[in-house]
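A.B. asks: Can you read through this structure? Questions will come right after.
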Amino acid sequence: MHFLSAAKKTVVAGCLLLLAGATVGCTSKGGVLGTFGAAGAGEDIAVANQVQNYGDIALPMEMKLVPEGTMALDTDSFKGGIHQYRGRVDLDSLRDYIIASMRNSKWKLAGEARYNYVMLAFTKPNKNCMVVLKPGTLGYTIVNFYVTVDVAAANSLNPFGEPLQQ
């Protein structure tokens, strides 16, 4: 009888330790997504990930690149690709984070659609970015970025990389 009581105490103590560890991990520095809160209202966005080497597309540090779902093309006149990330973040919080982050980088939200997934479309004068967010398994969220950059337009070149005649 005494042995059973000690076993119960050990199981309860183990559960409490696991719960305490999970709670501490999720509450560090402003919650699961860091300090993004009402980003765009003057708050800093905690960012560890830049999507590829575009320099103006950011993700929270919990999102990790999925190499199998990623491919890119970089030429003299075009740069772009499909970039997939996965992480344990709430889909709606990630949507809000991406919108705030893109606005801070001067992207214009051109449209949004939602059904089972969330699709966001952003534009800049020589860039386009479509973002598709979808729920994954075991609490993960998957996000795909479809990015195109017209390098020729940015540098006043034609699609063949030649200077424009004026």
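A.B. asks: So what's the net charge close to GLY136: Lys and Arg +1, Asp and Glu -1, counting the other residues with Cβ under 15 Å from its Cβ? Display every interim value, and only then the final one.
C.D. replies: Details: positive: LYS64, ARG86, ARG88, ARG95, LYS134; negative: GLU62, GLU68, ASP90, ASP92.
Within the 15 Å Cβ shell, the charges total +1.
A.B. asks: Taking the range 78-140 on its own, what percent of its Cα-Cα pair distances exceed 20 Å?
C.D. replies: Cα-Cα pairs in the range 78-140 separated by more than 20 Å: 28 percent.
A.B. asks: So what are the radius of gyration and Dmax for the Cα set of the range 48-154, in Å?
C.D. replies: 13.3, 43
A.B. asks: Run the simple label-point estimate for ASN49 and THR70 please: 7 Å along Cα→C-beta, distance reported in nm.
C.D. replies: 0.8 nm
Bear in mind that the values in this text are calculations on the coordinates, not laboratory data. Fair warning: this is a prediction, and the values are worked out from it, not measured in the lab. Here Cβ is always computed from backbone atoms with ideal geometry, including for glycine, and neighbour counts include all displayed protein chains.
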